[in-house]
Every structure is written in C-alpha cells, then in structure tokens.
Amino acid sequence: EYDNIYAYTDLATAQKFFQIDDRAVTGYDIYVNDLNLVDSTAEQLMRVLGYPNYARTVFERYHNLFSWVDLQKKMSPILLSLIIIVATVNLIGTILMVILEKSQAIGILKSLGALPGGIRRVFMLQGLAMASVGIAAGNILAFLVCWIQIRFHVISLPSEIYYMNSVTIRLEPVNFLAVTGIAFILCLITTYLPARAAAKLDTVTILRFS
C-alpha cells in the first residue's frame, strides 16, 4: 500500500494532470535525520505555515500500518515468555519425577554419608544438562524454521489485509542470545527448587517406605 500511492514524473506533467498553476505544488515530503523528531518538526511547521496549510507525519498518514507493526512487537515478548514459563514448569515436573524414581538411591547415598549439598548438586547438574540440550535444540530448530521462511516464504499472508504477502523474519543474533540467557537463568532457578527438595528428604522415611 505504501509503494502503490507513489508515481514519479516531471513537475510540469504533474501540474497539468492536477490542473494547477505552473508555479504551484500541492505539498512537500520532508525527511528528518532523527525519527524521534518527526512530531516536533510537524508542530513547528504547523506554527510557521499556519492555516490552511497543515503538516502530517508518516505515523499519522499510515496509522494502520504502524499500528499493526507495533502490535507484532508487543505480542512477541508475551508469547516468548509464555513458552519459556511452560518449558520451566515441565522441567520442574520432570526433575520431581526423577527424584521420586530415585528416592531409594537418595536414601542409600544419604545413609552412606552423602551430604545434602552433594545430593542437591547431582540433581541440579542433571536439570541443567536437560535444559542445555533443550535450549540448543530449540535454537537450532528456530534458526532452521526462520531460514526456511526467509528463503522459501512458506508461511503466506493475504496482502490486502497485512500489507505483505508472506511473514517477514529478520535473524538477529542478539535475540537468540537474549532468549538463551533468560531461558538458562529460569532453568537454573527452577532446577534448584526440586533439587533442594531432594536434598531435604529424610533418610529413615525414604528407606522405610521405598
């Protein structure tokens, strides 16, 4: 839609087409070096030009387009946060299941003199190993999906609604690093909780009921 409204011709032809005086123009496009100055520049122009002239920013002229882009930016962190939360909850459940299965082994180790810190360290290492494999596999899968979309445009969109005919993706290493870091920190925290619970299990109770 943005490109379709522009056509290039010489000034005399445009004036003849719009039936205006050969010394007149209907408007100017003004470019600013800093996008943050768009609104203030438009206000200054309005004060200088006065009525009936007016200035409209690119954000006002293409409000629907920028609103759609802004919506996508706001939704991405929310979706990523939900995915990471679900993954960390699954990690807690998996480690708790391992603790229940290995409760007898934990009791034996504690009866042989294993300290709570050692028990906790074992399950934390196991949880971090699982998290590392999951994060690495997720990054590889995400990169492949993004590359396929960029290269072949598998996911298409109706251009009359979304202003583009396919989902656009830009690969940024910073995004991969940020998601990896946040996921690893959350996994470290969620791994510590069940590992701490395993370290606090009572030896006598474990050996009696296992």
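The values are calculated or read from the model by the stated rules, or taken from the named source; none is laboratory data. Bear in mind that the values here come from a model prediction, so they are computed numbers and not experimental data. We place every Cβ from the backbone using ideal geometry, glycine too, and count neighbours over all the protein chains shown. Keep in mind that these areas ignore ligands, DNA and RNA; they rest on the heavy atoms of the full protein, side chains included. Shrake-Rupley method; radii C 1.70, N 1.55, O 1.52, S 1.80 Å.
Structure data summary
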{"quantity": "Positive-end residue of 194, 42, 28, charge dipole of the chain with Cβ unit charges", "calculated": "194"}
{"quantity": "³J(HN,Hα) computed for each position of segment 188-204 - Karplus, 6.51 cos²θ - 1.76 cosθ + 1.60, integer Hz, glycine/proline x", "calculated": "4, 5, 6, 6, 5, 5, x, 5, 5, 4, 5, 5, 8, 4, 7, 4, 4"}
{"quantity": "Within the chain, longest stretch clear of exposed trypsin sites (Lys or Arg not before Pro) (DSSP loop, no more than 12 other Cβ within 10 Å)", "calculated": "57-169"}
{"quantity": "With Cα atoms, 0 to 90° folded angle of helix 38-49 axis to the chain main axis", "calculated": "20 degrees"}
{"quantity": "CD proxy at 222 nm, helix term only [per DSSP H run n ≥ 4: -39500 (n - 2.57); per residue of the chain; nearest 500]", "calculated": "-23500 deg cm²/dmol"}
{"quantity": "Accessible surface of segment 70-186, 1.4 Å probe, proportion on carbon and sulfur as whole %", "calculated": "73 percent"}
{"quantity": "Positive-pole candidate from 59, 138, 175, dipole of the chain, charges at beta carbon", "calculated": "138"}
{"quantity": "Accessible surface, the chain, averaged per residue in Å² (probe 1.4 Å)", "calculated": "77 Å²"}
{"quantity": "Mean-position separation - Cα centroids, segment 35-74 and segment 125-183, in angstrom", "calculated": "33 Å"}
{"quantity": "Net charge over other residues, Cβ less than 14 angstrom from the Cβ of residue 38 (K, R count +1; D, E count -1)", "calculated": "-3"}
{"quantity": "Rounded to the nearest 20 debye, dipole of the chain from Cβ charges on Lys, Arg, Asp, Glu", "calculated": "1560 debye"}
{"quantity": "Dimensions in Å of segment 29-173 - Rg and Dmax from alpha carbons", "calculated": "27.1, 91"}
{"quantity": "Loop-located chymotrypsin sites (Phe, Trp or Tyr not before Pro) in segment 1-82, at most 14 other Cβ atoms within 10 Å (DSSP)", "calculated": "2, 6, 8, 28, 31, 54"}
{"quantity": "Lysines with Cα under 23 Å of residue 110, excluding same-chain neighbours fewer than 8 positions away", "calculated": "102, 200"}
